[in-house]
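Only the coordinates and a few stated rules stand behind these numbers; no lab work does. Note that the structure is a prediction, hence the values are computed from the model and not measured. Virtual Cβ from ideal backbone geometry, glycine too; neighbours counted across all protein chains shown.
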Amino acid sequence: MEYLESINNNIEENKEQMIRTLQELIRIKSIAEDTEGEYPFGEGVQQALDYMMKKGEEEGFVVRDVDHYGGHIDLTGKGGGIMGIVGHLDVVPEGTDWDYEPYGGVLADGKIYGRGTMDDKGPVIASFYAMKAVKDSGAPLKDTVRLILGLDEETNWKGMNHYLSKVAPPDYGFTPDGDFPAIHGEKGILVFEIAKKLNGDTAKGLELRSLSGGNAANMVADHARAVVRDTTGGGYDEIREKAASFREEKQVKVTCKGIGKSLEISAEGVSAHGAKPEQGVNAISILMDFLGTLSFANEDTNEFIDFYNSCIGYELDGESLGCGLYDEPSGKLVLNVGMAAMDGKAASVTVNVRYPVTSTGDKVYESIMPVLDRYNLGVVKEKHEEPIYIPADDPMIVTLMDIYKRQTGDESGEPLVIGGGTYARAMKNVIAFGARFPGEPELGHQKNECLSVDSLVAMTKIYAEAIFRLACDPGNEENS
């Protein structure tokens with residue numbers, strides 16, 4: 001294992017360079033947006049890709065930008081096989097209340113802070129330096145190692161679809177965009193909008209002029225805001241008193257502020273990844289709960305609020321909505337309301353569902369329709385990703401589990417089924433492998449997202465060994 005020793009030494013020697021590279025990448029605000037110009041996902045995302053292309057060229061790798069929809073960095077092997085490492089450079093919006101600049105790449109207390117440090121820029125940089133370490137060691141490769149860089153993983157995957165229409169998928173590989181020790185299943189993902197048209201009732205009384213909340217479907221909403229107006233000319237003292245009582249009783253953050261003749265009611269929550277909403281607090285649910293204590297002149301408004309509180313509320317498993325599905329491999333369905341909007345004409349909530357691996361998207365929709373019909377609500381289907389499931393004794397899983405255990409000494413780990421959606425769904429023979437270690441908090445999509453330097457180095461060594469064991473020439477005796 002002399003090559004592995006050289007590889008690990010190389011990673012330690014390049015630790016400071018690796019930190020600086022990640023910091024520089026974090027400072028590029030790369031939120032994917034649909035644009036009509038030269039760069040399909042916006043200038044920020046393209047800057048991140050350009051940065052990685054330049055880094056790849058500097059290290060002597062072969063790079064390719066595929067029409068600005070994606071790209072890759074190749075460590076060329078002797079044979080014709082391709083081992084893929086599939087990451088992404090786009091990030092979700094930063095949200096609010098950070099202790100550090102979200103795009104500052106601040107290093108403090110042994111941790112690098114910034115949006116994307118864990119999801120997925122840190123793991124991408126770890127993979128890049130793992131490739132560099134293998135290259136610098138001189139270990140003979142039978143297969144090309146290809147670091148594939150997606151650009152809109154957090155949104156619609158148009159980039160990956162376009163990339164794969166131009167470039168053949170890898171023969172096998174992993175995506176560093178999940179959890180260790182290894183992931184052999186990913187729940188199905190649905191994004192849909194539940195909507196209701198509101199009648200134009202102009203009866204005098206309390207009006208809900210507008211409501212908005214959340215940043216993205218796959219984030220727990222950390223803020224929500226409603227503007228109400230009493231058209232009878234009455235004051236808002238009673239609403240303020242209700243808010244004070246609600247705040248004390250529920251131990252949540254609800255505030256009121258006068259805006260001209262209207263009253264703004266705001267709720268604060270805690271952001272989290274939509275796959276793990278239990279780690280956050282949904283501000284939309286808080287606000288809807290409070291609005292349910294008020295009586296609006298428009299009955300459609302009252303009915304939609306009642307629907308939300310009765311059929312969604314603070315639940316995370318979809319039980320009251322009718323879709324409380326479960327299976328043994330993956331557990332319960334997970335439901336997150338990521339965004340909400342209401343005005344005088346319509347009301348809607350955007351829902352993100354992670355359903356069990358043995359179920360189907362059609363089953364979810366069939367399950368919720370009786371409830372939606374009862375409230376005269378419509379559903380707009382926006383996104384569907386089929387579940388994936390690979391047996392735990394698959395050779396790829398077994399090898400990656402062995403690498404993880406050898407590197408960490410953790411013999412207790414078992415392959416996982418997760419609610420997150422990764423690029424493993426986009427191509428065959430690719431599984432999610434890391435990068436969050438057991439016991440580490442899930443900070444992706446949350447404020448103060450960060451990655452410890454120790455974890456960055458540890459995952460780099462794991463990925464380097466994976467490259468060495470999977471892509472090196474088995475016919476070379478020195479590899480034994």
Dipole moment magnitude, nearest 20 debye, the chain about Cα centre, only Lys, Arg, Asp, Glu C-beta charged: 740
E411 and D67 label points (each 7 Å along its Cα→Cβ direction) are spaced in nm at 5.2
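Summing Lys, Arg as +1 and Asp, Glu as -1, what charge do residues with Cβ under 14 Å from the Cβ of E440 carry, E440 excluded? Mind showing how you got there, number by number?
On the way: positive: K111, K276, R436; negative: D119, D179, D410, E442, E449, D454.
Once positives and negatives cancel, what remains is -3.
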Could you state the number of Å between the C-alpha centres of segment 237-290 and segment 192-224? 14
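Which value, in Å to one decimal place, does the Kirkwood hydrodynamic radius take for segment 189-385 when every pair of different Cα atoms is included? Numbers along the way, then the final one.
Details: mean 1/r = 0.0584 Å⁻¹.
The Cα-based Kirkwood calculation yields 17.1 Å.
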Put +1 on the Cβ of each Lys and Arg and -1 on the Cβ of each Asp and Glu in the chain; which of I31, S455, F307 then has its Cα farthest toward the positive end of the dipole? F307
For peptides 364-372, 86-94, 116-124, sequence by mean Cβ density within 10 Å, most packed first: 116-124, 86-94, 364-372
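By how many nm would the segment from A203 to T360 grow when fully extended, if each residue of separation counts as 0.36 nm and the alpha-carbon distance is taken off? Before the final figure, lay out each step's value.
Working: separation 157, 0.36 × 157 = 56.52 nm, distance 4.41 nm.
Working it through step by step, the gained length comes to 52.1 nm.
Which percent, nearest 5, of DSSP beta bridges in the chain are antiparallel?
Values: 71 of 90 bridges.
The answer is about 80 percent antiparallel.
What do you get for Rg/Rh of the chain when both radii come from the Cα atoms and Rh is the Kirkwood radius?
On the way: Rg = 24.4 Å, Rh = 23.8 Å.
When Rh is taken as the Kirkwood radius, the ratio is 1.03.
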Charge-dipole axis of the chain as Lys and Arg at +1 and Asp and Glu at -1 on Cβ define it, positive-most pick from L416, G80, I148: I148
Test of understanding: extend the Cα→C-beta vector of T231 to 7 Å, then name every residue of segment 245-265 with backbone N under 15 Å from that spot. 262
Over 20 Å between Cα atoms: which of K55/K132; K29/K461; K54/K461; K111/K447; K29/K383 fall into that group? K29/K461; K54/K461; K29/K383
Across the Cα atoms of segment 318-440, what radius of gyration and what greatest pairwise Cα-Cα distance (Dmax) are found, in Å? 18.3, 60
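Which of the peptides 237-244, 466-473, 205-212 is most tightly packed, and how do the rest follow, going by the mean number of other Cβ atoms within 10 Å of each residue? Mind showing how you got there, number by number?
Details: 237-244: 14.5, 466-473: 21.2, 205-212: 18.8.
Ranked from most to least packed, the peptides come out as 466-473, 205-212, 237-244.
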Gap separating the Cα centres of segment 1-69 and segment 124-176, nearest whole Å: 11
N302-A108 FRET efficiency (beta carbon distance; Förster radius 60 Å; 0.05 resolution): 0.80
